[in-house]
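Here's the structure, in structure tokens; my notes come after.
The values are calculated or read from the model by the stated rules, or taken from the named source; none is laboratory data. Predicted, not measured: the structure shown is a model, and the values here were computed from it. Ideal geometry is used to build each Cβ from the backbone, glycine not excepted, and the neighbour counts take in all protein chains shown. Remember, those area values only see protein heavy atoms, side chains included, never the ligands or the DNA or RNA. Shrake-Rupley method; radii C 1.70, N 1.55, O 1.52, S 1.80 Å.
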Amino acid sequence: MRKLWFFILFSPFLFSQNTYEHQVFFDTDQYNIVSSEEKKFNRFLSKLDSIYIDKITIYGFCDDRGTHPYNLSLSKKRANSVKSFFVDNEVSEDLITILDGKGELALAADSEDVDAVRRQNRRVDILVKTRLEKEKDSLEIPTAQTILRGELNVGDKIRLKNIYFKKVTLT
């Protein structure tokens, strides 16, 4: 019975996931990521480079100005802009499980600096949940000796670690 209670109490810590959070801020009525936010976003992405991502959640928001349909549309465009930035930086689109525009956020009644609050509301929230270890996949990784002995055949699949290719679109 003691072992069962121990397991129930400590299992969240044994199988826990880490969550990384980031916010991308936008100018009024804009959904393009400005260069200063892009630099911060790139630093955030570099932190994610060495971890195993389980899922990514993206929520877009707006300030209280504008109509509800306009703000909802703008918040979705902001969320999609962040999604595109992830995909352009070689993050699999399959990892993005929730992509949602929430529309405007109301101002607090006691807000002294309305402009500062509105700036904070024009944002996208990103939540990245990670796994503690990478799941095994079916692709066998050959050793250097196997490659040097010439034991690979045409059509064999190999994985080259830490080699990334940038997607280039020709116009």
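In the list S84, S46, S111, which residue meets the criterion of being at pLDDT 85 or above, more than 18 Å from T130 (Cβ to Cβ) and of a type in the set (S, T, Y)?
Of the residues listed, the single one that is at pLDDT 85 or above, more than 18 Å from T130 (Cβ to Cβ) and of a type in the set (S, T, Y) is S84.
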Task: Residue list for the stretch 114-138, filter: among the basic types (K, R), assigned to a strand (DSSP E or B) and modelled with pLDDT of 85 or more - done: R123, K129
- [ ] Looking only at the stretch 29-45, count how many residues are more than 19 Å from R122 (Cβ to Cβ) and open to solvent by less than 70 Å² (accessible area, probe 1.4 Å).
- [x] 2
Task: Per-region count, the stretch 49-108, residues open to solvent by 30 Å² or more (accessible area, probe 1.4 Å) and part of a helix (DSSP H, G or I) - done: 15
